[in-house]
Amino acid sequence: MITSLPAFFDMYYTDPKDGKLTSDGYMYNDQMFQTLNTHVTLTNSIATSVIDKQNVKVTGINPPSYTTLQITGLQPSVPVGTIWYNSTLKKLQFKSDAGLIETITST
């Protein structure tokens, strides 16, 4: 599970004597960094993107890749609508409303 952003709490962010971060400020910054870094890592693992003139453009998605055997093991615990690439069949699959694994095929 991905962690949530830390809750805002009433604190002294900087020490009025020297202007440096307080221990609460350091802790909050650290929690925020770790959470945001987790989100960036996840996004980079599922999205293909390019940087064009300092703008990030998402150009595609990369669903996780599993074999048929691995998908069978995952199937009971994944929610309806989960999509992955079946590397055995070389096709996209998803978990349907009926709780079944369905293969996306082209005509």
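Details
- Prolate/oblate/rounded label for segment 1-61 (Cα gyration tensor, a/c 1.5): prolate
- Dipole of the chain [Lys/Arg +1, Asp/Glu -1 at C-beta], most positive-end residue of Ile71, Ala7, Thr43: Ile71
- Potential lengthening between Ile83 and Lys53 on full extension [0.36 nm per residue; Cα-Cα distance subtracted]: 7.6 nm
- Integer Hz, Karplus 6.51/-1.76/1.60 couplings in order for segment 58-68, x for Gly and Pro: 7, 10, x, 10, 10, x, x, 10, 9, 7, 4
- Cα gyration tensor category, rounded, prolate or oblate, for the chain with a/c compared to 1.5: prolate
- Reach of Lys90 by Cα under 26 Å, taken over lysines that are not fewer than 8 positions away in the same chain: none
- Shown in residue order for segment 23-31 are the 3J(HN,Hα) couplings computed by the Karplus curve 6.51 cos²θ - 1.76 cosθ + 1.60 at θ = phi - 60°: 4, 5, x, 4, 4, 4, 4, 5, 4 Hz (x for Gly and Pro).
Values quoted throughout were computed directly from the atomic coordinates according to the rules given, and no laboratory measurement underlies them. Here the structure is a predicted model, which means the values were calculated and not measured. All Cβ positions, glycine included, derive from the backbone under ideal geometry; neighbour counts span all protein chains shown.
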